[in-house]
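Visitor: My questions will all concern the structure given below.
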Amino acid sequence: MKKLFLYDIESKSMNNGAILARAVAICIGFWFLSILIEYLLPLRDNPLVFSQILDDRDVIYLIILIMFCMATAGVTIRYLEKKQKAEELVKKSEKKYHDIFQNIMNLYCETLIDGTIVEISPSSKNILGYDRHELIGKNMGNIYCDPESRETVIEQLLKEKSINDLEFEGRKKDGTSCTLLINFRLVSTEDGIMKIISVARDVTDYMEAKRKQAEVQEEYKLIFDKMSDGMIINEFIYDEANEPADAIAIKANPAIEKHLGLKAADAIKNTYVKSFGVNKSDLKRLNDILKTDIPLQCEAFNSKFNRHLLVNAFKVNNKQVGIMFHDISELKQLEAKKREMTEHLEAVFESTDDMIYSVDRNYRILNFNSSLNDYMKRSYDLEIESGRSISEFLPDDIAQEWKFYYDKAMNNGRYSFQYHIKYEKRYTEVFLNPIYHNGEICGTAVFVKDITKRKEAEQQLIKINQELEHLVEERTAKLRSTLTELEAFTYTVSHDLKSPLRAIDGYSRIILEDYEITLEKEVVDMITNITKVSCDMISLIDRVLQYSTTSKTSVQKERVDIEEMFINVFNELKTTYAERSIEFGIETAIPIVTADQILIRQVVYNILSNAIKFTKNKEVSIVSVSCMQNYKEYIFRIEDNGAGFDMKYSKKLFTMFQRLHNKEEYEGSGIGLATVYKIIQKHGGRTWMESELNKGTKIYFTLPME
């Protein structure tokens, strides 16, 4: 205010000087004019004198002097007026500069090369927190966060004379930092002093906003790229009628490949119709979003990609629309399967003759099938309605009875019982299952099955079983009697058969001993054959008795070292065939088993003797034993390199008297394998064979693991 007052005084003094100059000039003019008048008045009545005066040279000089003085006065006055106007313009410029300097929002500063501040604008208070007087005369380095950066600025200024839009961190009076955008100029004053003029603008808020904007953009990009839903930003293309003709994908995130099967690179810059196969009506719906700013959410089927999509479209700006895709094809398929399953369940629900329904915790009917409705019409002459309590349409005693059943199922879990409908003479089987919702029991599902026919059949079956049991007891008694008689007959017959056979054998031997020399060779051979046939017949009778004894003998189990048994039986058999080359080996560890030792030895003997017998035509007979096991049994395998047989006859080999070779080729009675089968069966095991003609035989038997 003080400076403004001084400017007013100076302006008034300048105006007064101009007025005074003009007054002096006018006075001088009037003075010269009065002299001239005084000189000419006496001559007004004497023209001769006047003309004489005109010829006077002094008068002419006087007039010229007066005119020169008047011209000089006019020029002086004009000069003073121009000077006054120029000074007024200077003062106005200084005032404008002063006003700008005082009110400038930016920071204006003048410093010497060494950094001393010689002038700074009052805006330093708002920008840096310092008053002008606190900074003038101080070094500029006080407000640099990085003092070394000033040296870089000085070097660049000395080379380029100016620096524009330089960002640097400044330090405020309170110690906080701010970001300044500065323009520098290197100038020289009239006295040759180098000064740096700088104008700085506080861009702290702008830079913070820019940083936040960059963070937001980065977050947006991260969300855009990482979001699970596919998203595309589109811009529309319009025709001459300003109607949407197509759209161009400006941005697309990688997730569209998951939901559309289309890569983002293939979608960007391509038209919407080409990329997604949409029609103009869809484009118009999307374009309407720009006009109304109302988002669009709908389900759509894209025939090009054969996918069901959940689409969410929204306005991004005045030109762009964002579209989010979510592939719901699997959900649609599940919904279709669910509907199909519901229809199937409904069909099953209605097709059965069983009564099916459900009740909630308040005993209200939730749903039911037609079978129950038909029963209620037939029994109580009423229609069932969902939502009604059973107390509304059943007698109190029956309603209370069924409430008890429902409570029992809901409290104790699944519950079933048989229910007799006396007045209809019908039997039903009732199943009650608790219904769960969110892990809590909310009701009971009831299935009622008519079992009247089954009950009648059960009663009839009980009667038949009683009669059958009586009949079985009678026939069992008769069978026991018959078996006893058959055993006695078997022993008697075998004894009676063996006695004459022994006699024939004895007489034959006597004849040969006494008369072999006198008899012809043919007769001797015939008698020898009689002896042999008698011995074979006696052996066969013994084997049949042995098989019969095996069938009725009870199993006495004990721990048996079956490996040692195989070795001992083989050594015993080998002495019988001392002339043959026989190799015997045990390929795997043989476990200790629990079995009847006598019966299992008979099994081992029969199998090994068969193996040795059927390898007699081999130069070297090879017999091997191995054992495997599963979770419940031991599996033994005896393998030889003998004659073998065709597997189509394998089922006959475990039957009495069944042979695949004649006696002349291989001796035997045809009872050994039948005995093996019977003994293993009595132990709870299995027996089978594998063979190939002329390539040997494998016999398997199993014993349970105890």
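The values are calculated or read from the model by the stated rules, or taken from the named source; none is laboratory data. None of these values were measured; they are calculated from a predicted model. Note that we place each Cβ from the backbone using ideal geometry, even for glycine, and neighbour counts take in every protein chain shown.
Visitor: Those residues that are farther than 15 Å from Asp202 by Cα and surrounded by 14 or more Cβ atoms within 10 Å (Cβ to Cβ), I need them from the stretch 163-174; list them, please.
Guide: Ile163
Visitor: Separate question: Count, please, the residues in the stretch 285-297 that happen to be surrounded by 11 or more Cβ atoms within 10 Å (Cβ to Cβ) and either under 21 Å from the mean Cα position of the chain (by Cα) or without any contact (Cβ under 8 Å) to a residue 40 or more places away in the chain (or both).
Guide: So the answer is 5.
Visitor: OK, next. Cβ contacts < 6 Å: first residue outside the structural domain of Arg559 (by TED's automatic domain parsing) and crowded, with 22+ Cβ neighbours inside 10 Å, restricted to the stretch 594-609; second residue at pLDDT 85 or above and not in a helix (DSSP H, G or I), any location; separation 6+ or different chain. Result?
Guide: none
Visitor: Next up: Can you name the strands (runs of 3 or more DSSP E) wholly within the stretch 165-281 that have at least 3 residues being among the aliphatic types (A, V, I, L, M), touching a strand residue (DSSP E or B) at 6+ places or on another chain (Cβ under 8 Å) and in the same structural domain as Asn142 (by TED's automatic domain parsing)?
Guide: Correct list: 177-188, 194-202.
Visitor: Continuing with this model, one more query. Within the stretch 56-63, does at least one residue satisfy the condition of being farther than 25 Å from Asn183 by Cβ, modelled with pLDDT under 70 and outside any helix (DSSP H, G or I)?
Guide: Of the residues in the stretch 56-63, the ones farther than 25 Å from Asn183 by Cβ are 56-63.
Those left that are additionally modelled with pLDDT under 70: 56-63.
The next check asks that each one be outside any helix (DSSP H, G or I); those that pass are 56.
Yes, the stretch 56-63 has at least one match.
Visitor: Thr476: exposed (fewer than 12 other Cβ atoms within 10 Å of the Cβ) and either more than 60 Å from the chain's Cα centre (by Cα) or at pLDDT below 80 (or both), yes or no?
Guide: Spelling it out, Thr476 is indeed exposed (fewer than 12 other Cβ atoms within 10 Å of the Cβ) and either more than 60 Å from the chain's Cα centre (by Cα) or at pLDDT below 80 (or both).
Visitor: In the stretch 396-438, what residues are touching a strand residue (DSSP E or B) at 6+ places or on another chain (Cβ under 9 Å) and of a type in the set (Ser, Thr, Tyr)?
Guide: Answer for the stretch 396-438, where residues must be touching a strand residue (DSSP E or B) at 6+ places or on another chain (Cβ under 9 Å) and of a type in the set (Ser, Thr, Tyr): Tyr405, Tyr406, Tyr415, Ser416, Tyr419, Tyr427, Thr428, Tyr436.
Visitor: Of all residues in the stretch 302-324, which are in a strand (DSSP E or B) and either of a type outside the set (A, V, I, L, M, F, W, C) or surrounded by fewer than 13 Cβ atoms within 10 Å (Cβ to Cβ) (or both)?
Guide: As a first pass, look at the stretch 302-324 and keep what is in a strand (DSSP E or B): 302, 307-315, 320-324.
Matches in the stretch 302-324: Asn302, Arg307, His308, Asn312, Lys315, Gln320, Gly322.
Visitor: Got at least one residue in the stretch 175-182 being loosely packed, with under 11 Cβ neighbours inside 10 Å and modelled with pLDDT of 85 or more?
Guide: Yes, some residue in the stretch 175-182 is loosely packed, with under 11 Cβ neighbours inside 10 Å and modelled with pLDDT of 85 or more.
Visitor: Additional query: Given the options Asp174, Asp191, name the one that is of a type outside the set (A, V, I, L, M, F, W, C) and either farther than 17 Å from Glu110 by Cβ or touching a Gly at 6+ places or on another chain (Cβ under 6 Å) (or both).
Guide: Answer to the selection: Asp174.
Visitor: I would also like to ask the following. Restricting attention to the stretch 356-377, does a residue exist that is under 25 Å from Ile451 (Cβ atoms) and surrounded by fewer than 11 Cβ atoms within 10 Å (Cβ to Cβ)?
Guide: There is no residue in the stretch 356-377 that is under 25 Å from Ile451 (Cβ atoms) and surrounded by fewer than 11 Cβ atoms within 10 Å (Cβ to Cβ).
Visitor: Moving on. Give me the pairs, please: first residue somewhere in the stretch 198-216 and at pLDDT 80 or above, second residue anywhere and among the aromatic types (Phe, Trp, Tyr), beta-carbon distance under 7 Å, and either six or more positions apart or on two chains.
Guide: Ser198/Phe184; Val199/Tyr108
Visitor: Please go through the stretch 184-193 and pick out each residue that is at pLDDT 85 or above and either of a type in the set (Gly, Ala, Ser) or over 17 Å from Phe168 (Cα atoms) (or both).
Guide: Leu186, Val187
Visitor: Just checking, which of Tyr423, Tyr427, Tyr436, Tyr415 is loosely packed, with under 12 Cβ neighbours inside 10 Å and in contact with a helix residue (DSSP H, G or I) (Cβ under 9 Å, 6 or more places away or on another chain)?
Guide: Tyr423
Visitor: Sticking with this structure for a sec: Every residue in the stretch 123-151 that is under 20 Å from Thr176 (Cβ atoms) and part of a loop (DSSP other than H, G, I, E, B), please.
Guide: Ser123, Leu128, Gly129, Tyr130, Asp131, Lys138, Cys145, Asp146, Pro147, listed by residue number.
Visitor: Of (1) within 51 Å of the chain's Cα centre (by Cα); (2) surrounded by 11 or more Cβ atoms within 10 Å (Cβ to Cβ), Leu394 satisfies all except one. Which?
Guide: It fails just one condition, (1).
Visitor: For residues in the stretch 282-301 being assigned to a helix (DSSP H, G or I) and among the acidic types (Asp, Glu), which is modelled with the highest pLDDT? I'd like the intermediate steps shown before the answer.
Guide: Pass one, the stretch 282-301, residues assigned to a helix (DSSP H, G or I): 282-292.
With the extra rule that they be among the acidic types (Asp, Glu), the set shrinks to 282, 288.
Working: Asp282: 79, Asp288: 85.
Per the stated criteria, the residue is Asp288.
Visitor: Could I ask something else about it? Out of Ile113, Ile120, Ile136, report the one residue that is touching a Leu at 6+ places or on another chain (Cβ under 6 Å) and touching a residue at least 12 places away in the same chain (Cβ under 8 Å).
Guide: So the residue among Ile113, Ile120, Ile136 that is touching a Leu at 6+ places or on another chain (Cβ under 6 Å) and touching a residue at least 12 places away in the same chain (Cβ under 8 Å) is Ile120.
Visitor: Keeping to the stretch 374-395, report how many residues are touching a strand residue (DSSP E or B) at 6+ places or on another chain (Cβ under 6 Å) and of a type in the set (A, V, I, L, M).
Guide: Number of matching residues: 1.
Visitor: When only residues in the stretch 542-581 that are in a loop (DSSP other than H, G, I, E, B) and of a type outside the set (Ser, Thr, Tyr) count, which is modelled with the lowest pLDDT?
Guide: Step by step, filter the stretch 542-581, then rank; the result is Val555.
Visitor: Those residues that are in contact with a Phe, Trp or Tyr (Cβ under 7 Å, 6 or more places away or on another chain), modelled with pLDDT of 85 or more and under 15 Å from Asp354 (Cα atoms), I need them from the stretch 417-450; list them, please.
Guide: If the condition is that a residue be in contact with a Phe, Trp or Tyr (Cβ under 7 Å, 6 or more places away or on another chain), modelled with pLDDT of 85 or more and under 15 Å from Asp354 (Cα atoms), then Thr428, Val430, Phe431, Leu432, Val446, Phe447 are the ones that fit.
Visitor: Let me ask something else. Please determine, by comparing only the residues of the stretch 152-162 that are surrounded by fewer than 17 Cβ atoms within 10 Å (Cβ to Cβ) and touching a residue at least 12 places away in the same chain (Cβ under 8 Å), which one is farthest from Leu180 (Cα to Cα).
Guide: Taking the candidates together, the pick is Leu158.
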